[in-house]
Amino acid sequence: MVSAQVPRRPGGLRAIDVFGRGLSRIGWGGFRLDAESLIESACKEARLSDLGDESFMPAFKILTESLQSEARLSPFGRYFAKRQFVEVLMHRLRMTDYRKGHPEVSQQVIRRPLLVLGLPRTGTTLLYELLAQDPVHRAPLSWELDDPCPASERPLAADHPRVVRCEKRMSALRSMAPGFQAIHPIGALLPQECLVATAYALHSVRFELCFDIPTYQRWLTQQDMGFAYQTHFEILQHLQSRQKTERWVLKSPGHLGTFDAILNQYPDAMMVQTHRDPQKVIPSLASLYANMRSIATEDLQIERIGRQVLETWSCYLEDGIRKRIERPNKAHHILDIQFEELVRNPIDTVKSVYRYFDLTLTSETLERMRAYLVTHVRHRHGVHRYEMETFGLEPGEIESAFKHYCDHFDIRPEEGPPT
């Protein structure tokens, strides 16, 4: 069990920060993080200049301004931020260039994608990876979203250079945030979340996970996300242009509150939303933020994280309820599943998904799902427990913030500590 402590930054990161501060004292200005400098660096590294649809620019300017004025970045944090954004922009450049030379990409049709949405710690990963066992389904893997160009014409093995490069980055992330793997397992050949795809639109909860950027965080909750899902669609087109795909299965907490944007981009989308007592979810979600943000700052402000997580995710859930109510004729596009039922009867829960959307569930797929459950026991990477008090939250605050959500979906209180 991993105990409820504020994440401690590894000694290597602390040493780099000491060295960086020493350089600053003798005149080194550090890494520039304004939008123009990051774009210039990306274009120079990629040797390309066309970033495609520049609807991402307003988001990028707000994001970089928030990053510079609010994130309290350490010297290493500035490097970490620069590399993250330069790589996002480089992939935009490369995908735009690839699309110009491959007209077949824009002709790809995405039919009936199946999206899993819900707060982290509500069973979304279990459901996502079970659905991915179906040979008819394709989940985007971490290496594919991390290094999308060129599109691959076949699945790649663990020893392929592109997979190896991604796994090295994943390994570095695990070493920089040692508690992260127990909360959210990552790997180059594991299914990846759509927050990585929407990051290429610069509209993504991925960034607030890594950095304390409240201005951008609030701004993002107010966006219609149309451009984000246009980019999401184009990435799926790109990935399937050389590898036939019958149906995409996708997952992200970022899909919460975007019911309308999803259906505007994917009119035949199928969605499954998982639900769990927020008292058990919010402390774990706050610990996820704390572990990731500890990479880039020496001033974590743990109680500030608790407040941001509470306010942001209650907002997304309320938006989701409102948008579903506003479109009652689209209610059949989404199925609601309770966490307790999913973990108690995962195969029966999956069967209910297939029945609801009139999908074919073969005996072969069922066997693959059962085999997955045998080899992927819950908490195999450790139990990660955080008390809400660690983040300055009281039980009554969480109950009040999510009362309407719990009442709407008939979510019952859950006994025991958060896991």
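The values are calculated or read from the model by the stated rules, or taken from the named source; none is laboratory data. Treat the numbers as computed from the prediction; the structure is a model and nothing was measured. Quick reminder, even Gly has a Cβ in these numbers, built from the backbone with ideal geometry, and neighbours come from all protein chains shown.
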Can you find a residue in the range 408-419 that is at positive phi and modelled with pLDDT of 90 or more? yes
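Among the residues of the range 335-382, which ones are at pLDDT below 95 and either surrounded by 15 or more Cβ atoms within 10 Å (Cβ to Cβ) or in contact with a Pro (Cβ under 7 Å, 6 or more places away or on another chain) (or both)?
Our first condition is that a residue be at pLDDT below 95; within the range 335-382, this holds for 375-382.
Of everything in the range 335-382, just one residue is at pLDDT below 95 and either surrounded by 15 or more Cβ atoms within 10 Å (Cβ to Cβ) or in contact with a Pro (Cβ under 7 Å, 6 or more places away or on another chain) (or both), namely HIS381.
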Does the range 83-99 include one or more residues that are buried (at least 20 other Cβ atoms within 10 Å of the Cβ), closer than 18 Å to LEU361 by Cα, hydrophobic (A, V, I, L, M, F, W, C) and in contact (Cβ under 8 Å) with a residue 40 or more places away in the chain? no
Matching residues in the range 49-60 (surrounded by 16 or more Cβ atoms within 10 Å (Cβ to Cβ) and part of a loop (DSSP other than H, G, I, E, B)) number 2
How many residues does the range 309-341 contain that are touching a residue at least 24 places away in the same chain (Cβ under 8 Å) and within 23 Å of GLU414 (Cβ to Cβ)? 19
Looking at GLN243, GLN273, which one is in contact with a strand residue (DSSP E or B) (Cβ under 9 Å, 6 or more places away or on another chain) and part of a loop (DSSP other than H, G, I, E, B)? GLN243
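Condition test on ARG322, is it farther than 25 Å from GLY392 by Cβ, more than 19 Å from the chain's Cα centre (by Cα) and not hydroxyl-bearing (Ser, Thr, Tyr)? Step through it out loud before you land on a result.
Working: farther than 25 Å from GLY392 by Cβ: yes; more than 19 Å from the chain's Cα centre (by Cα): yes; not hydroxyl-bearing (Ser, Thr, Tyr): yes.
Taking the combined requirement at face value, the residue satisfies it.
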Could you say which residue among ARG138, ARG154 is modelled with pLDDT under 95 and either closer than 29 Å to GLY101 by Cα or charged (D, E, K, R) (or both)? ARG154
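Each row is one residue, and each column tells you yes or no for (1) crowded, with 22+ Cβ neighbours inside 10 Å; (2) of a type in the set (Gly, Ala, Ser); (3) within 16 Å of the chain's Cα centre (by Cα); (4) within 30 Å of THR297 (Cα to Cα).
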{"position": "TRP219", "(1), (2), (3), (4)": "no, no, no, yes"}
{"position": "GLN223", "(1), (2), (3), (4)": "no, no, no, yes"}
{"position": "GLN237", "(1), (2), (3), (4)": "no, no, no, no"}
{"position": "LYS251", "(1), (2), (3), (4)": "yes, no, yes, yes"}
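So, in the range 80-100, exactly how many residues are β-branched (Val, Ile, Thr) and out of contact with any Ser or Thr (no Cβ under 7 Å at 6 or more places or on another chain)? Outline the logic, then answer.
Keep residues of the range 80-100 that are β-branched (Val, Ile, Thr), which gives 86, 88, 96.
Then keep just the ones that are out of contact with any Ser or Thr (no Cβ under 7 Å at 6 or more places or on another chain); that gives 88, 96.
Residues flagged as β-branched (Val, Ile, Thr) and out of contact with any Ser or Thr (no Cβ under 7 Å at 6 or more places or on another chain) within the range 80-100 amount to 2.
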